[in-house]
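Nothing in this text is a laboratory measurement; each read-out follows from the coordinates by a stated rule. As the structure is a prediction and not an experimental result, all values here were calculated from the model. Reconstructed Cβ throughout: ideal geometry from the backbone, glycine too, with neighbour counts over all protein chains shown.
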Amino acid sequence: MNFSRIKEINRSLGIAVLVMTFIAASMSLLAHRLFSTNQELVQTALDNKQVIITPMINNGNQEYSFKGERGNSDYLRLMGLSFVSLRLDVNAQNVEQSHEVLLSYTTNELREQLIPILSQEKRSLSVDNGSSVFYPKTIRVSPTNGIVDVQGELVFSYGIRQTPPVDKHFQVRILMEKGLLKLSGFTEILDEK
């Protein structure tokens, strides 16, 4: 046998083994990278908790979703303004229905606190066929705490007589309880001037 031919075959086999080893190592690294990326994507999908909410005023059962525990600041801002509107944008004819809707979103503890306050507000509007309108001026939202701070002017009208606007500052606390939106705080902040 020709020794140069055997040497050439051994060299070709050595190169082939090196190329195959390189390909196998590259494939192993690529498989590990794909596995790691897949794990990250699966974990992101599991951590992506979305809550489906039915709006207060049901438009043909259209629901929408948001990420997180309480939603983003836009959602909290709208819900806070809705709760303030249910309580303060009322007249003698709709005050009872508005306050019932507001109470349906409250926690049990807040409901007990609000019932006497809302009853007093209802009586004051019913006596002289009154109405009240709240004009928000500044709204601050803290999404991590679920707090919406609303400042504005409250205007009362009794018959054809309108009272001067009163500056008001309310703090609304919103939370999610078992996937349901709950109002856990509705307090008036007395600003010192």
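Counting lysine pairs in the chain whose alpha carbons fall under 22 angstrom apart, excluding pairs fewer than 8 residues apart on the same chain, gives 9.
Using a Gaussian network model of the chain in which every pair of alpha carbons under 10 angstrom is joined by a spring, one finds that among Thr21, Thr44, Thr106 the greatest mean-square fluctuation is at Thr21. For the residues Ser142, Ser124, Ser28, a GNM of the chain with alpha-carbon springs under 10 Å puts the largest fluctuation on Ser28. Kindly identify the chain as rounded, prolate or oblate by the Cα gyration tensor criterion: order the square roots of the eigenvalues as a ≥ b ≥ c, call it rounded if a/c is under 1.5, otherwise compare a/b with b/c, prolate if a/b is larger, else oblate. Verdict is prolate for the chain. Based on Cα contacts under 8 Å between residues 6+ apart, the range 71-188 shows a relative contact order of 25 percent. A simple spin-label model places the labels of Leu41 and Val19 3.2 nm from each other, with each point 7 Å out along Cα-to-Cβ. Springs join every pair of Cα atoms under 10 Å in this Gaussian network model of the chain, and among Leu46, Leu86, Leu13 the largest mean-square fluctuation is at Leu13. Per residue, the chain reaches -16500 deg cm²/dmol at 222 nm when only DSSP H runs of four or more residues are counted, each adding -39500 (n - 2.57).
The C-alpha atoms of the chain define a longest principal axis, and helix 95-104 lies at about 30 degrees to it. Once both labels are positioned 7 Å from their Cα atoms along Cα-to-Cβ, the gap between Lys137 and Asn2 label points is 10.2 nm.
The angle between the Cα long axis of helix 73-88 and the longest principal axis of the Cα atoms of the chain comes to about 20 degrees, rounded to the nearest 10.
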